[in-house]
1. Rounded to the nearest 5, what is the percent of antiparallel bridges among the DSSP beta bridges in the chain?
2. In straight Cα distance, which aspartates and glutamates are under 15 Å from Lys238, not counting same-chain residues fewer than 8 positions off?
3. Could you give the size of the charge dipole of segment 31-152 about its Cα centre, using +1 on the Cβ of each K and R and -1 on the Cβ of each D and E, expressed in debye and rounded to the nearest 20?
4. Under a straight-distance cross-link criterion of Cα-Cα below 21 Å, which lysines are reachable from Lys56, leaving out those fewer than 8 residues away in the same chain?
5. Pop the C-beta distance of Lys17 and Asn311 into the FRET formula with R0 = 30 Å and round what comes out to the nearest 0.05.
6. Determine ³J(HN,Hα), in whole Hz, for all residues of segment 211-227 in sequence, where each value follows from phi through the Karplus function 6.51 cos²θ - 1.76 cosθ + 1.60 and θ = phi - 60°; x replaces Gly and Pro.
7. Round to a whole angstrom and tell me the spacing of the C-alpha centers of segment 86-125 and segment 198-237.
8. What nm distance separates the two modelled labels at Leu86 and Leu60, each placed 7 Å from Cα along Cα→Cβ?
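We did not get these values from a lab; they are worked out from the coordinates using the rules stated. Since the structure is predicted, the reported quantities are computational estimates derived from the model, not experimental observations. With ideal geometry, Cβ positions are generated from the backbone for all residues, glycine too; neighbour counts draw on all protein chains shown.
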Amino acid sequence: MANFKPIDLSGLNDESKASSIRAQIAEACEKNGFFQVINHGVPVEFMEKLREVGHKFFDLSKEEKLAIAAKPEKGPAMGYSIRMVLTDSEPQHWRESVLIQTLPLSKREYPLWPQQPADFRETVEKYTAAVLDLTHRLLAVISENLGLKPTYLREAMGDPEIQQQIAFQCYPPCPDPGKTFGLHAHSDIAGISILMQESEGLQVVDENDTWELVPPYPNAFVVNLADQIEIITNGRYKSAQHRVIVNNQSTRRSYVTFYFPGMDHKIFPAPQLVDPKVGPAYKEFFYKEYLQALTTARVLGKRLIQSFAINNSVIN
Ligand SMILES: O=C(O)CCC(=O)C(=O)O
Ligand SMILES: [Fe+2]
């Protein structure tokens, strides 16, 4: 049974509690790459406001939402998409979503951001800036837990040229929930994801390989380590396997902020974490190659990260 008790980050500022908080984070990163945090420093009013603009956008008519329709030619495209399919064969997806690129600033394509409600843009800018700050604080703790300098992981992902996106997810009630998923089992391809969920539906794989529902806590964040952190830590930390189930009663919404490397940034396992006698668990690559592999080799249920592994004995 996974430990879902949220970790109280206010303890990081208190000498007497900091080492226990760091140890709780290290344990979760090692076990399944997943934990929840409270008192994380992101203002509650920013979180409430983000949920409010999210609700207002999804409540618009389909035509209004399709004004920023995503055009998925190469990889995940920015803008609004809807996919709600029920079949008797392979389960499909059941969700609406809006994907927005917030960093680097040069990639902010405002015409693809919702234009309604009017305060959408300002709300997203404030919220994602606060989440970026939290992400950097978490990456510092995670780096130090591995004996690396506090800025190691953000620099390994190319900071200050990192990328940030936010996905607004909406899973409407489904008449036959057993036939579909909100989102199939996957690990995020980014470096680290910070998720706010409004209600139950997210499941993670625990250390015994069973799916467990992640209980929502008011104003908590779910932190998922993603593939790039697994690779940079040479498999020592795991990218969390998760999926979303739907129900026939109520709409579920969630808001995920992804932090990941610049396209031309080179990713490789930290030499400090590689045993020279065994060699690295993953090969070196440019982040854009990871995305290219995603679009060419997408196979449901198969982990993309496996195709970048060169030494499985290190990973398991
Ligand atoms: O809706 C959720 O709780 C999870 C969403 C998710 O896993 C994703 O967007 O990658
Ligand atoms: Fe995910």
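1. On the way: 47 of 52 bridges.
Around 90 percent of the beta bridges assigned by DSSP in the chain are antiparallel ones.
2. Result set, ordered by chain and number: Glu27, Glu30, Asp188, Asp206, Glu207, Asp209, Asp227, Glu230.
3. 340 debye
4. Straight-line reach from Lys56, under 21 Å: Lys65, Lys126.
5. Details: r = 38 Å, r/R0 = 1.26.
The value I calculate is 0.20.
6. 7, 10, 6, 8, x, x, 10, x, 6, 8, 10, 8, 10, 10, 6, 10, 4
7. Cα centroid to Cα centroid, the span is 22 Å.
8. 2.8 nm
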